[in-house]
Amino acid sequence: MLDRLPYDVQLSIMRLLDARDVVRLCWTCRALYSLMSDRSLWHHALSRLLFVFPQPYLSRRLHRLTAEELRAQVVHSAQLDMRWHRVDYKPRMIRNFRCDSAVEHVNLVAGGNWLVVVLYDGSLQLHELGAPAPAVTLSPSLTEEESVFYLSSRLSFTNDHEDLIILQMGVRYNSQCNIYVYHVSVVDPTPTFLLVGRISVTGSVWCCASGGGYLVYGLESGGGEMVLHVCVVDADNPEPQRPQVSMNIGPWSADEDFSISVLSQHQLLLAYHGGLSIYEIPPTPPDASQARRVYPVWSKRCDIGSGIYRISPFSWDAHRHPIVIAGTRALHILHAGRPDDGSAIDYREIPYPLSPGTELGYMGLGAVGLLRAIWDSTEERNGALHVHFRTYSLPRSILDLSDDDPGFGGEELGVGGRLGSFTVALDPEEHLVNLCLDDASGRVCLLLNNIMTGERRISVIDAV
């Protein structure tokens, strides 16, 4: 009967279904199968997904995608939603690449087809997966007397510049820390790193973050107090800038690590082992060299634990989408209110969906997005030849979707989401150095190190 309805009515009905039901229905007869090639159907489905789960790199290409490409994106998302929380499932494909022993970090660029590789000397490489050589290599400008003694990197996403790699590099010789912020562009015809900000400070920077044209870093004052420095970064003027605002948040223990997320032009979030705090960024004072004492406008004592290293990278414009933290005992969800209308901050703590009498167990290196999370759950290595990962499909309620929305699997995941797992084989004496996740594609990238030979390899895992 459905195939006898007018074509536009058929399309209207299809748009009410989720991707899995559309595909099943189209396979029932030849007449309905013709709908599979209708670009407007898949354009509507993907646009709906992008509305609640922003993917700027994909939104920019949306008008150029064919019906087949649109359908592939939607179907892949539906398949990933079904498989991610299966227990002991076998990933569809695992690819291994030998790499230089100087590789320190790897970060998947949004979309999962490009990889940022950070080398020990601070060099950056941009690799297209499967390509024999990097498309871009960027070397640091160090003098012969200088050398790197510590290095960290973090990838963050924003609506304007969706991929920002923040490189924090301690330099020996002059006891300074250099912070570089690069926009990673793979959408344009020529892949490139675009320097949008550079800061050099004397001392050890605890943590840094960027978003919305700001770079924020934490620096111990020398008197046991922590000062957050806010700098403006601009691709048109990437030269070193002085802090626009310095915020003294008070005494801080040398044992208390934390992470920073820039929520908007007015607010930033600190996540530490014992809780969360939101600070207002004050106006620029006449004398920016003096740190201004500030206090949280909102705070919550909760057991974040090692979750400060498992926090969603998409933080800018946080009133539109949540900050997600995979804590030690629960998932922590925070929606920042709009500063301009005084709306309240929404915080939720969602216990992990465990069976009665079971425990979550060890949580090691991991990554979290808006739809899914993953972490290493292998506590005892002892020469083990496998590493076990716990996968987690997050409850769709964190995206503020209505309970009766059929398109995002709310009924299947429930109020707490669902946990899954898979295992990856290791070579003898290998251990995990770095883990990253592309939330949209479900692609996972591992950096593995052989502690006996020093050899390193990159393992790319595709769940579907």
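The values are calculated or read from the model by the stated rules, or taken from the named source; none is laboratory data. All values derive from a computational prediction rather than experimental measurement. Cβ: placed from backbone, ideal geometry, glycine included. Neighbour counts: every protein chain shown. Calculation scope for accessible area: heavy atoms of the full protein, side chains included, ligands and nucleic acids excluded. Shrake-Rupley method; radii C 1.70, N 1.55, O 1.52, S 1.80 Å.
Which far-off residues, 5 or more places away or on another chain, put their amide H under 5 Å from the one on LEU426, with H placed in the peptide plane?
It is HIS386, VAL387, by chain and number.
Can you give the net charge of the other residues whose Cβ lies under 11 Å from the Cβ of LEU46, counting K and R as +1 and D and E as -1? Intermediate results must be reported in sequence, preceding the final value.
On the way: positive: ARG39, ARG48, ARG61, ARG71; negative: GLU69.
Surrounding charge for LEU46 is +3.
Can you give the FRET efficiency for ASP234 and THR28, using 1/(1 + (r/R0)^6), R0 = 60 Å, r = Cβ-Cβ distance, to the nearest 0.05? If you can, show how the numbers build up before the last one.
Values: r = 56 Å, r/R0 = 0.93.
With a Förster radius of 60 Å, E is 0.60.
What percentage of the solvent-accessible surface of the range 18-108, computed with a 1.4 Å probe over protein heavy atoms, is contributed by carbon and sulfur atoms?
On the way: 2640 of 4910 Å².
Taking all protein chains in place, the range 18-108 shows 54 percent carbon and sulfur surface.
For HIS386, project a label point 7 Å along Cα to C-beta. Then give me every residue of the range 426-462 with its amide nitrogen under 13 Å of that point.
Only 426 pass the distance filter.
Working out 0.36 nm times the residue gap between SER152 and GLU220, then minus their Cα-Cα distance, what length gain in nm do you get to one decimal?
Working: separation 68, 0.36 × 68 = 24.48 nm, distance 1.79 nm.
My answer for the length gained is 22.7 nm.
Residue by residue through the range 327-336, which ³J(HN,Hα) values in whole Hz follow from phi under the Karplus form 6.51 cos²θ - 1.76 cosθ + 1.60 (θ = phi - 60°), with glycine and proline marked x?
x, 5, 10, 7, 8, 10, 10, 9, 9, 6
At 10 °C and a viscosity of 1.306 mPa s, what translational diffusion coefficient does Stokes-Einstein give for the range 200-329, taking Rh as the Kirkwood radius over Cα pairs? Give it in µm²/s as a whole number.
Values: Rh = 15.1 Å.
Rounded to a whole number, D works out at 105 µm²/s.
Starting from the Cα of SER12, step 7 Å along the direction of its Cβ; do the same at SER355; then give the gap between the two resulting points in nm.
The modelled label-to-label distance comes out at 4.7 nm.
Local charge sum around GLY420 (other residues, Cβ-Cβ under 10 Å, Lys/Arg +1, Asp/Glu -1)? The partial results should precede the final answer.
Numbers: positive: ARG83, ARG86, ARG372, ARG390, ARG418; negative: ASP88.
Around GLY420, the charge tally is +4.
Taking the Cα centre as origin and putting +1 on Lys and Arg beta-carbons and -1 on Asp and Glu beta-carbons, what dipole magnitude results for the chain, to the nearest 20 debye?
Numbers: 38 positive and 53 negative charges, 215 e Å.
In total the dipole reaches around 1040 debye.
Roughly speaking, what is the stretch gain from ALA135 to ALA344, that is 0.36 nm per residue apart minus the C-alpha to C-alpha distance, in nm to one decimal? Could the numbers behind the result be given before it?
Numbers: separation 209, 0.36 × 209 = 75.24 nm, distance 4.53 nm.
Extending this stretch completely gives an extra 70.7 nm.
Would you calculate the separation in nanometres between label points at LEU5 and ALA102, each defined as 7 Å from the Cα along the Cα-to-beta-carbon direction?
Inter-label distance under the simple model: 6.2 nm.
Can you pull out the chymotrypsin sites (Phe, Trp or Tyr not before Pro) in the range 214-311 that DSSP calls coil and that have at most 16 other Cβ atoms within 10 Å?
Qualifying residues, ordered by number: none.
Would you please give the FRET efficiency between SER47 and ASN450, computed as 1/(1 + (r/R0)^6) with r the Cβ-Cβ distance and R0 = 60 Å, to the nearest 0.05?
Numbers: r = 46 Å, r/R0 = 0.76.
Rounded to the nearest 0.05, the efficiency is 0.85.
Would you mind finding the longest exposed-site-free stretch of the chain, with exposed GluC sites (Glu not before Pro) meaning DSSP loop and at most 11 other Cβ atoms within 10 Å?
On the way: sites that count: GLU144, GLU145, GLU359, GLU379, GLU380.
Counting at most 11 other Cβ atoms within 10 Å as exposed, the longest clean stretch of the chain is 146-358.
What do you get for chymotrypsin sites (Phe, Trp or Tyr not before Pro) in the range 1-50 restricted to DSSP loop and a cutoff of at most 14 other Cβ within 10 Å of the site's Cβ? Could you put the intermediate results ahead of the total?
Values: sites: TYR7, TRP27, TYR33, TRP42; in loops: TRP27.
Passing both the DSSP loop test and the Cβ count: TRP27.
Can you give the net charge of the other residues whose Cβ lies under 11 Å from the Cβ of ARG71, counting K and R as +1 and D and E as -1?
Working: positive: ARG39; negative: ASP38, GLU68, GLU69.
After counting each charged neighbour, the total is -2.
Once the piece of chain linking GLU280 and VAL201 is laid out straight, how much longer is it, given 0.36 nm per residue of separation minus the C-alpha distance between them?
Values: separation 79, 0.36 × 79 = 28.44 nm, distance 2.33 nm.
Working it through step by step, the gained length comes to 26.1 nm.
Describe numerically, in nm with one decimal, the distance between label points set 7 Å from Cα along Cα→Cβ at SER289 and at ARG95.
For SER289 paired with ARG95, the spin-label model returns 5.4 nm.
Between the alpha-carbon centers of the range 17-50 and the range 199-255, tell me the distance in whole angstrom.
A separation of 49 Å, based on Cα centres.
I need the semi-axes of the equivalent ellipsoid of the chain: take the C-alpha gyration tensor, multiply each eigenvalue by 5, square-root it, list largest first in whole angstrom. Don't skip to the end; give the middle numbers.
Numbers: eigenvalues 281, 139, 110 Å².
Taking √(5λ) for each Cα gyration eigenvalue gives 38, 26, 23 Å.
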